[in-house]
Amino acid sequence: MSKQFAVIGNPIEQSRSPELHHAFAEKTGLELHYSKRLAPLDGFDASMHEFFAQGGAGMNVTVPFKEQAFAACAVLSERAKIAKAVNTLWMQDGQLHGDNTDGQGLVEAIQALDWILHNASILIIGAGGATRGVIYPLAQAGVKKIVIANRTLARAEQLIADLKEAVPETDLSALSLEALQGNFDIVINATSASLSGDALILPEALQFKQAYEMAYGKPSSFLDQAKARGVPTSEGFGMLVGQAIESFRIWNGIKPELKDFL
Ligand code: ATR
């Protein structure tokens with residue numbers, strides 16, 4: 001039987017992970033089967049353990065279970081510890097291992113656009129789980145300065161207090177959304193505003209060369225404003241492919257080329 005993989009979440013119908021992993025397998029000549037697994041909101045642990053008990057090789061975890069997956073792991077990667085969330089699980093020597101590939105997915109998506117991260121100055125709007133997961137991988141890619149702007153300033157300040165020791169080489173600071181200003185290489189929208197259909201206002205005092213929207217397939221006032229300024233933009237499909245590639249690499253030891261799947 002081919003190796004079994006799955007993505008677990010609730011809801012799960014919308015997940016593109018099976019088609020991505022099957023495409024990677026085809027490209028790299030591996031045989032695998034990757035399915036979607038809907039777990040009840042109170043049934044993550046039972047469903048996940050059942051999958052591995054039945055010989056599952058690896059599992060991706062999506063909303064709303066990434067923190068529960070983190071809590072369930074016996075062994076965690078450094079980046080998963082910092083993100084406090086896990087999206088990639090596997091069994092090794094009888095122990096549940098967890099990693100978080102979301103941030104590396106963003107890094108690779110940005111690099112595939114040929115936008116420069118080394119020594120870059122980046123503004124991230126939002127201070128939730130999505131932002132927490134990308135700070136360390138961005139710092140490892142050589143980003144020099146990260147400003148986190150959030151509607152609730154205290155949340156951005158708390159995130160910086162939590163993460164500053166993990167990224168000693170990176171200059172981290174917080175800004176409120178009302179005070180949004182400055183000159184940046186890249187601005188990243190990590191809020192859930194476009195998912196809920198809310199507008200974000202990018203004032204004239206905020207200047208940037210490139211704009212990345214982490215969500216994809218939704219109308220985004222953030223992207224509309226960036227496009228109106230004529231700067232290069234991207235939405236988050238590349239990040240989705242990037243995180244999937246990094247999970248595939250961990251499980252199978254082969255890394256597909258991101259640009260082949262955009
Ligand atoms: P995720 O895990 O996707 O990051 P989250 O932890 O719920 O989700 O965080 C959502 C982020 O989007 C937060 O930074 C939130 O701002 P607050 O901390 O002030 O709540 C931000 N956000 C959501 N809707 C927004 C809106 N309409 N305008 C600005 N920021 C918004």
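The trypsin sites (Lys or Arg not before Pro) found in the stretch 46-94 that occupy coil by DSSP, while having at most 16 further C-beta atoms within 10 Å, are Lys84.
Taking amide H as placed 1.01 Å from N in the peptide plane, the amide H of Ile188 sits under 5 Å from that of Leu123, Ile124, Ile125, Tyr212, each at least 5 places away or on another chain.
Taking only the C-alpha atoms of the chain, the Rg (one decimal) and the largest Cα-Cα distance, Dmax (whole number), read 18.3, 59 Å.
Computed on the stretch 103-236, the Cα convex hull volume stands at 92 Å³ per residue. As a proxy for reagent exposure, ranking Arg155, Arg37 by other Cβ atoms within 10 Å from fewest up yields Arg155, Arg37.
In terms of packing, defined here as the mean over residues of other Cβ atoms within 10 angstrom, the peptides 223-229, 143-149 line up highest first as 143-149, 223-229.
So what is the calculated 222 nm ellipticity per residue for the chain, using -39500 (n - 2.57) for each DSSP H run with n of 4 or more, over all residues, to the nearest 500 deg cm²/dmol?
On the way: 9 runs with 93 residues, N = 262.
It comes out at -10500 deg cm²/dmol, rounded to the nearest 500.
Extension gain for the segment Lys255 to Val75, taken as residue separation times 0.36 nm less the Cα-Cα distance, is 62.5 nm to one decimal.
The distance linking the stretch 189-224 with the stretch 62-91 is 27 Å (Cα centroid to Cα centroid, whole angstrom).
What is the ratio of the Cα radius of gyration of the stretch 1-62 to 2.2 N^0.38 Å, with N the residue count, to two decimals?
Working: Rg = 11.8 Å, N = 62, 2.2 N^0.38 = 10.6 Å.
Ratio of Rg to 2.2 N^0.38 Å for the stretch 1-62: 1.12.
The dipole here belongs to the stretch 103-236: it is taken about the Cα centre, uses +1 on the Cβ of Lys and Arg and -1 on the Cβ of Asp and Glu, and is about 80 debye. Sequentially through the stretch 195-209, phi angles give Karplus couplings (6.51, -1.76, 1.60; θ = phi - 60°) of 5, 9, x, 7, 8, 10, 9, 9, x, 4, 5, 9, 10, 7, 9 Hz, Gly and Pro residues having no value and appearing as x.
Coordinate-derived values only; no laboratory data. Because the structure is predicted, anything quoted here is derived from the model rather than measured. A quick note on method: Cβ atoms are made from the backbone with ideal geometry, for glycine too, and the neighbour counts reach across all protein chains shown.
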